[in-house]
Amino acid sequence: MLQFANYMAMDEAEQFDSAKLARYARQMMLDRIGESGQRRLLKATVAIVGCGGLGSTIGQILARAGVGTLVLCDSDEVEIENLHRQILYDERDVGRSKAVAAAARLLSINSQVKMHARPMRVDAENAAELFESSDLVVDATDNLASRYVLNAAAVRLKRDWIYGGCVGWEGTVMVVRSGTGGACLECVFGPPEPSDPATGGRFPISPATPVVVGSIEAHEVLRYLLDPAANKPCGSRYVCINLEHPRVRSNDGVPNNPACRACGGGKNLKSEI
Ligand SMILES: [Zn+2]
């Protein structure tokens, strides 16, 4: 811990730097973080695609952890039926842009973090721009179509990203290592299927599920940003969790599907690595 005499001996810039780090003292006690890891987090940019149940939790954890810049993407407005699970918002936010309301709330949690509100729906063009302008893209959308858009951009650009999805009482998080030839989303879930118009995009969801699944995603983001070897070849991995009958399944080496249209079973990725 910093002693007062040492603090007074610092010049103004050093004092500012020390004060900036003070709020992260408890996480800097972790071996994996320390001061060097914290500085790494403060320099990082993460794009969170979706500011609903998953994005609320991911945004809070990353803002509190001091990830330096967060890009918050969502084209929707806050609705009253969102409030049971989207923990960034309250009744005053109903009718506001989720991206704008999320940025304001996260700034009130940590004013050291830069927030970029992007009220937009992800498409092929802006997905590429998100990958190119951030260190990591994390999926917090609520529909498969957007995830396949992210997957296609990640395969094309050979970039890693983090997928997260949940419904009811269960969810899955996958660290998709397209940057180093790992299995892509389509390797695991197959080609995209048309959405069911009967559901209108509404599905049952427990308020606890996106908090748990979003927390796992946020943890994977921190783990990725903190690992200096993040760009070395490494397989994709997933974690599945069921809260109704509590159990966790995981796989640290998800195999590529040789018949995958998106990544060619990894060949399209590995050939140029
Ligand atoms: Zn694939």
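Read-outs: derived from the displayed coordinates by stated rules, not from any lab. Treat the numbers as computed from the prediction; the structure is a model and nothing was measured. With ideal geometry, Cβ positions are generated from the backbone for all residues, glycine too; neighbour counts draw on all protein chains shown.
Some notes on this structure:
- Cα-based helix-to-principal-axis angle, 12-22 vs the chain, degrees rounded to 10: 50
- Helix 124-133 axis versus longest C-alpha principal axis of the chain: approximately 30°, rounded to the nearest ten.
- Sorted by Cβ density within 10 Å, fewest first, the residues Val212, Val94, Val78, Val248: Val248, Val94, Val212, Val78
- Cα-based equivalent ellipsoid of the stretch 44-169: semi-axis lengths in Å, sorted from largest, via gyration tensor: 22, 17, 12
- Degrees separating the helix 53-65 axis from the principal Cα axis of the chain, which is the longest one: 30
- Legend: ranking of residues Phe203, Phe131, Phe189 from fewest to most surrounding C-beta atoms inside 10 Å; resulting order Phe203, Phe189, Phe131.
- Debye equation applied to the C-alpha atoms of the stretch 104-224, log10 I(q)/I(0) at 0.11, 0.23 Å⁻¹: -0.41, -1.53
- Over the chain, dividing the summed -39,500 (n - 2.57) contributions of all DSSP H runs of at least 4 residues by the number of residues returns a 222 nm mean residue ellipticity of -11500 deg cm²/dmol.
- For the stretch 106-163 versus the stretch 19-46, the gap between their alpha-carbon centres in whole angstrom: 23
- Whole-Hz Karplus values for the stretch 255-266 come out as x, 5, 8, x, 8, 5, 5, 6, 10, x, x, x Hz, taken residue by residue from phi with 6.51 cos²θ - 1.76 cosθ + 1.60 and θ = phi - 60°; glycine and proline positions read x.
- Entry note, the stretch 145-211: relative contact order of 33 percent, from Cα contacts under 8 Å with a spacing of 6+ residues.
- Radius ratio Rg over Rh of the chain, counting only Cα atoms, Kirkwood formula for Rh: 0.99
- Among Arg249, Arg96, Arg177: highest mean-square fluctuation, GNM of the chain, C-alpha pairs under 10 Å: Arg249
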